[in-house]
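Here is the structure we will look at, set down as structure tokens.
The values are calculated or read from the model by the stated rules, or taken from the named source; none is laboratory data. Keep in mind that what you see is a predicted model, and the values were worked out from it rather than measured. Neighbour counts run over all protein chains shown; Cβ positions are idealised from the backbone, glycine included.
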Amino acid sequence: MKKFLVLSTTAVAIAIALAGCSTGADETMPGMDHGTSATATAQTPVAEGAHNSADTMFAQMMLPHHEQAVEMSDIMLAKTSLDPQIAMLARDIKKAQGPEIQKMTTWLTGWGEPTTMSGSHGMDGMMTDADLEKLKAAQGNEASTLFLSQMIKHHQGAVEMARSEVTDGKDADAVALAKSIVSSQGSEIKDMKDLLTAL
């Protein structure tokens, strides 16, 4: 009996020791899992992205808006006997908005968002096909007057969209671009109004 009790006691002691080791192992595993969870948590902001729906809409709407401004500028630059100041304005618009088109396209691709909008969203300041045809057909002073009038309206639309992004946007780069558009195109609107008055 004594031997049996000793053996039983020993067995119990071994079982407890093993249980302790098992608990230690279990404690180690959660620790390892915790490390993995910490890594996943650290990556979450990247996975979610630093943009919101306002950023997406801003880029998706501003892309065709900028593309049309470049198209309008190209229409003017293709004309003969173009006023030097109008030609310079058209070149400046292309120089500024061309790289911004590439930038916004890169953002949308990086965000995993389509570069075109889904559904119908009105874009202030956009010209119709008929407006563009009128600009193509116009010559001389009439073309300059029409271009300035159309581009002032176009820029005003862009400034309004940019202001909405400044208020509602989340992505720092997109908000910074929006602020730049408000400033630069606001300044160009003033210059174009002065040019229009001088024609």
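Out of 160, 142, report the one residue that is within 18 Å of residue 64 (Cα to Cα), modelled with pLDDT of 95 or more, surrounded by fewer than 15 Cβ atoms within 10 Å (Cβ to Cβ) and more than 13 Å from the chain's Cα centre (by Cα).
Of 160, 142, the one residue that is within 18 Å of residue 64 (Cα to Cα), modelled with pLDDT of 95 or more, surrounded by fewer than 15 Cβ atoms within 10 Å (Cβ to Cβ) and more than 13 Å from the chain's Cα centre (by Cα) is 160.
Any idea which of 102, 150, 85 is in a helix (DSSP H, G or I), in the same structural domain as residue 65 (by TED's automatic domain parsing) and more than 28 Å from the chain's Cα centre (by Cα)?
One residue alone meets the criteria, 85.
Tell me yes or no: at least one residue of the range 162-170 is in the same structural domain as residue 75 (by TED's automatic domain parsing) and assigned to a loop (DSSP other than H, G, I, E, B).
yes
Restricting to the range 67-82, count the residues that are part of a helix (DSSP H, G or I) and either without any contact (Cβ under 8 Å) to a residue 60 or more places away in the chain or outside the structural domain of residue 193 (by TED's automatic domain parsing) (or both).
Residues flagged as part of a helix (DSSP H, G or I) and either without any contact (Cβ under 8 Å) to a residue 60 or more places away in the chain or outside the structural domain of residue 193 (by TED's automatic domain parsing) (or both) within the range 67-82 amount to 5.
For the structure I just gave you, tell me whether residue 152 is in contact (Cβ under 8 Å) with a residue 60 or more places away in the chain and closer than 20 Å to residue 195 by Cα.
Spelling it out, it is not the case that residue 152 is in contact (Cβ under 8 Å) with a residue 60 or more places away in the chain and closer than 20 Å to residue 195 by Cα.
Could you run through the range 155-199 and say how many residues are farther than 15 Å from residue 61 by Cβ and small (Gly, Ala, Ser)?
Total meeting the criteria: 8.
Pairs needed: first member in the range 176-193, assigned by TED's automatic domain parsing to the domain that holds residue 145; second member anywhere, outside any helix (DSSP H, G or I); C-beta distance under 9 Å; at least 6 residues apart or different chains.
Correct list of pairs: 178/169.
Scan the range 120-147 for residues that are free of Cβ contacts under 8 Å to residues at least 40 places away in the same chain and assigned to a helix (DSSP H, G or I) and report the count.
Count: 8.
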